[in-house]
Amino acid sequence: MLPVLLIAEVLKGQNSESISLGSGYSIIPEVNYVSSATVQLYPYSFDLFERNITDELQGGYGYGISVRKKLFRHDISFGISVEFLSIKDNSLTQSFFNDSVSYKARVSEELSVIPLEFTGFFNLPKFGEDLNFYIGGGLGIYYGDRKRTVLNIESETVSKEAGYSLVIMSGMEYLLSDKLSGIFEVKFRQAEYRVNSVYPVSSIEINGNVFELEQNLNSKIFVDGLKLSLGLSYNF
């Protein structure tokens with residue numbers, strides 16, 4: 001019953017704020033920064049302690065484009081966006097052990113992520129003629145890859161599986177002209193996907209000692225850091 005009442009309220013306001021179906025579009029290219037990501041190393045282990053082992057990665061950058069359309073009124077819009085994000089962290093380490101010695105090696109984690117998100121937006125009451133604030137939310141589909149490198153040996157991807165996440169956001173739009181506006185946006189999401197990969201060799205040699213390499217790198221990735229976006233919107 002509640003959705004019916006909300007739709008009725010929106011349609012009721014159309015007389016004073018209605019827009020035509022052929023107007024109210026915005027195309028927004030943007031650059032993005034994500035503050036962090038998490039790799040769950042053993043998500044399917046029966047051991048609770050192993051399931052909670054993660055690598056915390058530094059942030060990364062990307063770019064994207066979104067298309068938005070105002071519907072019913074000028075303060076309500078819906079959109080679709082696609083991005084490409086790249087995150088690389090060379091500061092990680094991994095410990096190797098055999099019967100007599102141990103060794104700590106530097107590890108590199110590299111993530112590439114393609115988020116596809118469907119969102120709705122609601123403009124807050126205006127603070128001025130040229131400045132708008134908005135809030136929104138929606139659903140995202142996330143597809144990506146993971147490469148783990150230890151001592152110049154890079155993992156090879158066997159399979160990838162997309163994941164889903166809710167999206168919450170807020171943003172600011174500054175009107176530069178009738179057609180152009182600057183966009184700054186903050187987004188919160190979990191952005192989960194899965195990657196199964198293996199190393200091309202089963203062992204490595206370090207200072208004359210041989211250490212085994214794990215062959216089952218079945219991981220979950222969460223691009224769960226704060227996302228900041230800066231874009232330029234063309235409105236027509």
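The values are calculated or read from the model by the stated rules, or taken from the named source; none is laboratory data. Keep in mind that this is a model prediction, so the values were computed, not measured. Note that we place each Cβ from the backbone using ideal geometry, even for glycine, and neighbour counts take in every protein chain shown.
Of the residues that sit in segment 26-61 and are of a type in the set (V, I, T), in contact (Cβ under 8 Å) with a residue 60 or more places away in the chain and under 15 Å from D89 (Cα atoms), which one is surrounded by the most Cβ atoms within 10 Å (Cβ to Cβ)? That would be V34.
Exactly one of these conditions fails for Q215: (1) within 27 Å of Y33 (Cβ to Cβ); (2) modelled with pLDDT under 90. Give me its number. Just one mismatch for Q215, condition (1).
The residue pairs whose first member lies in segment 113-124 and is farther than 19 Å from G59 by Cα, whose second member is of a type in the set (S, T, Y) and assigned to a strand (DSSP E or B), and whose beta carbons are closer than 6 Å, counting only pairs six or more residues apart or on different chains, are E117/S81; F121/S77; F121/Y134; N123/Y134. Reported count of residues in segment 62-93, each being aliphatic (A, V, I, L, M), under 11 Å from the mean Cα position of the chain (by Cα) and surrounded by fewer than 16 Cβ atoms within 10 Å (Cβ to Cβ), is 1.
Between N152, N90, the distinction of being of a type outside the set (A, V, I, L, M, F, W, C) and on the phi > 0 side of the Ramachandran plot belongs to N152 only. Of all residues in segment 94-112 being farther than 25 Å from E56 by Cβ and not polar (S, T, N, Q), which is surrounded by the fewest Cβ atoms within 10 Å (Cβ to Cβ)? Per the stated criteria, the residue is D99.
Determine if segment 139-158 includes at least one residue that is loosely packed, with under 12 Cβ neighbours inside 10 Å and without any contact (Cβ under 8 Å) to a residue 24 or more places away in the chain. Yes - at least one qualifying residue is present in segment 139-158.
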